Each structure stands twice: as C-alpha cells, then as structure tokens.
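Worksheet: one structure, shown below.
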Amino acid sequence: MKKKTYFITVVLLTFTMSLATTTSAKNDPSKGYKISLTISGGKDTVMYLGNYYAGNTYAIDTARINKHGSFVFEKKDRQLKPGLYFFTNPAGNYVEFMIYHETPNFSFTTNEKNWTYNMKVKGSKENEYLFRFQRFNHDAYNAVDSAMKAQGGMTDDFKAFRHKKLIELDSVKNAMIDERPNSMLALMMNATREPVVPRIDSLGNKLTDRQRWDYYMDHYFDYMRLDDDALVRTPDRVFHERIMRYLDTNLHNASAELICVYVDKLIDKAKPSKENFRYLVPTIAEKYLQSNVMSYDAVYVHIVKRYMETGDCFWMSPSTVDMNVKRANTWENLLIGKTAPELIMKDGDGNLHSLHNQQHKYTLLIFWSPSCGHCKSIIPALYRKYFQYKDRYDIGAFAVLSEPDEVNRPKWRDFIKSYNLEWLNIDGGEANIDWHEVYNVETTPQIFLLDKDKKIVAKRLNAETFELVINALENEK
C-alpha cells in the first residue's frame with residue numbers, strides 16, 4: 001500500500017508521526033468509543049490510533065490484532081473530540097477518518113493493496129462521505145499521472161488535460177459542500193478557500209492595493225468556521241498553516257498596533273469554540289513573546305490584558321495567569337514609545353545622577369555586568385559605535401552595573417579601564433526604585449535607546465542594531 005492521503009488537498013500532505021500521548025479528560029461512560037479496523041491481506045499485528053492537533057500528530061491508543069483479524073480500539077471512559085483521526089502501523093502506512101457529530105462506534109474494512117481507496121464503512125455517514133470523495137480524488141490524480149507519462153512530460157495537451165481535471169475536482173468539491181454543508185468534509189474544504197478580492201467597489205471605482213489588502217484581511221476567514229471545535233484537530237494545511245500565513249505573511253513587518261487589530265479579529269471569531277480559543281490565545285501570545293522584532297512585545301502585552309487578565313482563559317491556573325499578568329504589567333511600561341522609568345543612582349565615586357536629567361538628544365541606557373559572557377563581547381563593540389556617533393548625533397549613556405557586589409565591582413572597574421569606557425558608568429547598588437524588577441533585568445545585557453524626552457525608541461540592541469537604528473532615526477529627520 002502506498003503511503004498517500006487524498007483527502008481535500010491537491011498535494012500530498014507531509015506526515016510526521018509522533019508517539020506522544022494526548023491527555024484526555026475522563027467523561028461519562030456513555031461517551032466512550034469503539035472503533036474497529038480490518039485489513040484483509042495485512043500482516044500487521046499492531047495498529048495505532050492517532051489524531052491531528054494544530055499541525056502536529058499524536059498517537060492516542062494502541063490495538064493488537066484479535067482472533068478475528070481486526071484491530072479494535074475501545075475505551076469506555078474516554079471521549080474522542082471532533083476532528084480528523086487516523087490509523088497507522090509501525091511502518092508508517094496510514095488512513096484517515098473523521099469523528100464529527102456521530103457516536104464513535106464505527107467499523108472500517110479494507111485490504112492491504114490500498115487502505116484508503118478500498119475502505120468500507122459501517123456506522124458513520126460522515127466517513128462514507130469522506131471516502132467517496134477520496135476515491136474520486138484518487139482517480140483524478142491517477143488520471144493526471146497517467147496522462148503525464150503517456151505524453152512524455154509537460155506538453156500543452158497535458159497541461160490542458162490537467163487543467164480540465166482540476167476544474168472537475170473543484171466542481172466535485174463544491175457539489176459535495178452543497179450536498180452536505182454541515183459535514184466535517186465541508187468544514188475542511190471551506191477552511192482552505194481563499195476570499196475573492198474585487199478590483200472595483202460597488203460604485204465602479206478601482207480599488208487601490210491597500211483597499212484590496214484590507215478587503216482580503218477582513219474576509220480571510222469568511223469560509224473558515226473558527227467557531228467549530230473540530231477545526232483545531234485537522235492537518236496543518238487546513239488550520240495551523242493558514243493561521244500562521246495570516247500572521248507571518250499577511251502581517252509581515254506590520255506595526256504592533258495593526259497586528260493587535262487583526263489578532264483580535266481572529267481570536268474573537270474563534271472565541272465561541274473553547275478548543276480553538278484555547279489553542280490560539282497561548283500560541284499567538286508565545287509567538288510574539290519570542291519575536292525578535294523589538295516592538296512586538298506590545299502584541300503579547302495586549303493579548304494578556306485582553307484575554308488572560310479578564311479571566312477568559314478558563315483553562316489557565318491562577319498562578320499561570322498571575323505570572324503572565326505580572327510580566328505584561330512590567331513590559332507595558334517598557335514598550336516602544338513609553339517614557340523610561342526614572343533612575344537616580346550613583347557613579348563609582350558616589351556622585352548621584354538622574355537618568356531623566358541627561359541632557360542629550362539620545363541616551364543609551366545599558367544594564368550589564370563584567371561577569372556576563374555576552375557583555376564581554378557586546379559592550380566593547382557597542383562602546384565603539386557609541387563613540388563613533390556620540391558627537392555627531394548628541395548621544396549620552398547611562399551604563400549600569402547590574403551585579404553590584406564586592407566580587408563584580410573590582411571586575412567592573414578593571415573592565416572599564418581596559419576598554420576605556422568613557423561614558424557615564426553607574427554603580428547599580430543604590431537606586432530610587434527596584435530597577436531589576438521595573439526594567440525586567442533578568443538577563444544581561446539589556447540595552448535601550450531613549451530620545452531627548454527619555455521615551456524608549458529602541459531596545460534589545462547590540463552594536464550593529466544600534467548603528468542601524470540611530471542612522472535610521474537621523475535619516476528620518
């Protein structure tokens with residue numbers, strides 16, 4: 001049997017099998033499952049039952065062949081949630097089936113030659129419908145493959161034939177959606193549909209590229225039932241990939257403010273589905289939490305404030321919510337455009353200095369330690385760039401020792417002397433605030449660039465990015 005699937009896509013799915021076991025909540029015994037699979041001519045003695053979840057696959061049950069030649073998966077105390085499931089053997093052969101608004105008491109019978117094409121189903125109209133489409137899809141692509149071989153490649157006749165077959169396949173898909181619009185097959189087919197973007201408005205005026213982009217984004221999820229719990233348990237191409245394209249491609253290089261607008265549209269549309277909502281909120285929050293774009297932490301803060309702090313994330317423990325809210329509250333004060341919290345601290349000679357009283361067009365605020373491995377390379381390189389531009393652009397510095405103790409102070413003085421760091425060097429031992437917490441200095445170096453009003457214009461800098469940012473800011477003048 002060939003390792004293929006033919007369900008709704010026009011290309012083969014990339015399949016990665018993971019033997020991680022999903023966690024299933026205990027349910028009423030009446031909501032258990034019994035699913036059998038019989039493969040005539042098969043030699044397997046073990047079969048796995050698995051499901052998709054947001055682009056990943058998980059094995060959730062195992063069955064050994066019984067005396068009747070069948071694999072029976074049965075649990076009386078576990079519920080299988082709506083979604084696309086599969087049987088797979090240790091060799092990686094597999095066949096997919098659906099659980100959707102039917103009690104999972106199904107029987108599947110096929111043969112070793114082709115599990116999918118020869119599948120017979122009892123107890124599930126949904127799966128009869130699925131395999132009917134898969135057989136048509138299989139025949140259409142076999143016809144295309146045969147025509148290509150017969151004509152010796154990509155000839156004009158072959159391209160015309162292939163185009164005709166794809167149109168036929170689209171017609172069949174549309175007919176099946178119309179025939180059973182509430183089926184899971186229709187749910188998955190619709191999820192991959194693209195909105196048709198008009199070129200003119202209702203008055204006949206030509207739309208600009210921006211207007212067409214706005215329309216596309218506003219209608220991106222028109223055909224995707226984000227309120228349906230089954231959607232998160234579909235293959236990558238159906239759900240997860242389209243979500244990531246919405247964020248990574250369609251919103252590439254967008255401002256944090258614009259991303260927040262479209263993230264809200266996505267999450268709010270999915271909110272009626274506990275399953276999809278539960279997946280999207282932490283996934284998107286983590287995505288922007290880990291982003292290398294310095295302003296995108298604002299998206300994380302926004303998600304925490306809008307969905308976690310409000311108590312909407314029903315699955316999160318109070319400690320998890322509190323941890324995220326605390327971090328978001330700290331980060332909110334350090335977002336691009338915010339005024340940096342005031343620091344009043346002493347230099348190595350005991351003289352007091354105020355961050356807000358630094359009279360420069362720009363100020364580098366730096367937290368670093370001579371015991372930090374990254375600092376040893378980043379700080380000297382940053383200083384060289386600072387020295388190169390400080391007079392040209394009127395740049396000051398406020399460089400804080402982040403580990404002010406008796407071990408690091410001598411190292412700090414030696415480091416300053418060795419690299420001739422003639423900027424304002426601040427001992428972090430005494431201050432007007434707990435700057436470790438206020439500035440979220442958990443790792444070093446932490447480098448901010450402030451404007452003349454001490455508003456944060458850039459952060460998480462190194463020598464190279466500092467040079468790029470300062471030149472970009474000055475070129476904007």
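Can you give me the Cα centroid spacing of the range 437-458 and the range 170-204 in angstrom?
49
Restricting to the chain, what percent of DSSP beta bridges are antiparallel, rounded to 5? Kindly include the intermediate steps, with their values, before the conclusion.
Working: 44 of 61 bridges.
So the antiparallel bridges in the chain amount to around 70 percent.
So what J values fall out for the range 329-340 if you push phi through Karplus, 6.51 cos²θ - 1.76 cosθ + 1.60 with θ = phi - 60°, rounded to Hz, Gly and Pro as x?
So the Karplus estimates, Gly and Pro as x, are 5, 5, 5, 4, 7, 10, 6, 4, x, 7, 6, 4 Hz.
Could you give the nm distance between label points at D264 and T249, where each point is 7 Å from its Cα heading toward the beta carbon?
According to this spin-label approximation, the distance is 2.7 nm.
What is the extension gain from N111 to Y223, computed as 0.36 nm multiplied by their sequence separation minus the C-alpha to C-alpha distance, in nm to one decimal?
On the way: separation 112, 0.36 × 112 = 40.32 nm, distance 3.57 nm.
The N111-Y223 span can extend by a further 36.7 nm.
Quick one: 3J(HN,Hα) in Hz for the range 303-316, Karplus 6.51/-1.76/1.60 with θ = phi - 60°, rounded, Gly and Pro as x.
Ordered by residue, 3J(HN,Hα) equals 5, 4, 5, 7, 10, 8, 4, 7, x, 6, 7, 4, 7, 7 Hz.
How many percent of the alpha carbon pairs in the range 185-297 exceed a separation of 25 Å?
27
Here are a few candidate values for log10 I(q)/I(0) by the Debye sum over Cα atoms at q = 0.06, 0.11 Å⁻¹: (i) -0.44, -0.98; (ii) -0.24, -0.83; (iii) -0.34, -1.02. Which one was actually calculated from the structure I just gave you?
Among (i) -0.44, -0.98; (ii) -0.24, -0.83; (iii) -0.34, -1.02, the one calculated here is (i).
What does the extension gain come out to for N471 and L207, with contour length at 0.36 nm per residue minus their alpha carbon separation?
Numbers: separation 264, 0.36 × 264 = 95.04 nm, distance 3.59 nm.
Extra length from N471 to L207 when fully extended: 91.5 nm.
Out of the total accessible area of the chain (probe 1.4 Å, heavy atoms of protein only), what percent is carbon and sulfur? The partial results should precede the final answer.
Working: 11720 of 23930 Å².
It is 49 percent, rounded to a whole number.
With a 4.7 Å Cβ cut-off, tell me which Cys residues in the chain come up empty for a partner.
C260, C313, each lacking another Cys Cβ under 4.7 Å.
Under a Cβ-Cβ cut-off of 12 Å, what is the net charge of the residues other than I200 that fall near it, where Lys and Arg count +1 and Asp and Glu count -1? Write out the running numbers ahead of the final one.
On the way: positive: R199, K206, R212; negative: D201.
Residues close to I200 contribute a combined charge of +2.
Explain nothing, just compute: Karplus ³J(HN,Hα) = 6.51 cos²θ - 1.76 cosθ + 1.60, θ = phi - 60°, for every residue of the range 426-434 in order, whole Hz, x for Gly and Pro.
Once rounded to whole Hz, the list reads 10, 7, x, x, 10, 7, 6, 9, 7.
Please give every one of the lysines within straight-line cross-link reach of K346, meaning a C-alpha to C-alpha distance under 30 Å, and leave out same-chain neighbours fewer than 8 residues apart.
Within the straight-line limit of under 30 Å, K346 reaches these lysines: K326, K338, K361, K376, K385, K390, K411, K417, K452, K454, K455, K459.
Using the basic label-point model (7 angstrom from Cα toward the beta carbon), what is the N440 to D214 distance in nanometres?
Label at N440, label at D214, 3.2 nm between them.
Cα centroid distance between the range 93-114 and the range 243-280, in Å?
33
Set the Förster radius R0 to 56 Å, insert the Cβ-Cβ distance between V457 and V72 as r into 1/(1 + (r/R0)^6), and round the FRET efficiency to 0.05.
Details: r = 64 Å, r/R0 = 1.15.
E between V457 and V72, to the nearest 0.05, is 0.30.
Say each of K34 and K417 gets a label point 7 Å from the Cα, pointing the same way as Cα to Cβ; how far apart are those two points in nm?
A separation of 8.5 nm, rounded to one decimal place.
Which whole-number value in Å² is the accessible area per residue of the chain, probe 1.4 Å?
50
Would you mind checking which residues have amide H under 5 Å from A458's amide H? H placed 1.01 Å from N; only 5 or more apart, or other chain.
L449
How long, wide and thick is the range 98-206, going by the Cα atoms along their three principal axes, in whole angstroms, largest first?
Principal axes ranked by extent give 56, 45, 16 Å for the Cα atoms.
What shape does the range 146-235 take by its C-alpha gyration tensor, where a ≥ b ≥ c are the square roots of the eigenvalues and a/c under 1.5 counts as rounded, a/b above b/c as prolate, and the rest as oblate?
On the way: a/c = 2.49, a/b = 1.26, b/c = 1.97.
In terms of gyration-tensor shape, oblate.
Please say if the range 235-318 is rounded, prolate or oblate, where rounded means a/c under 1.5 for a ≥ b ≥ c the square roots of the C-alpha gyration tensor eigenvalues, and otherwise the choice is prolate for a/b larger than b/c and oblate otherwise?
Values: a/c = 1.78, a/b = 1.14, b/c = 1.56.
Taking the square roots of the gyration eigenvalues as a ≥ b ≥ c, the range 235-318 is oblate.
What GluC sites (Glu not before Pro) does the range 447-477 have in DSSP loop regions with at most 13 other beta carbons within 10 Å? Mind showing how you got there, number by number?
Numbers: sites: E464, E467, E474, E476; in loops: E476.
Passing both the DSSP loop test and the Cβ count: E476.
The values are calculated or read from the model by the stated rules, or taken from the named source; none is laboratory data. This structure is a prediction, so every number in the text was calculated from the model and none was measured. No Cβ is skipped: glycine too gets one built from the backbone with ideal geometry, and neighbour counts run over all protein chains shown. These area figures cover heavy atoms from the full protein model, side chains too; ligands, DNA and RNA do not enter into them. Shrake-Rupley method; radii C 1.70, N 1.55, O 1.52, S 1.80 Å.
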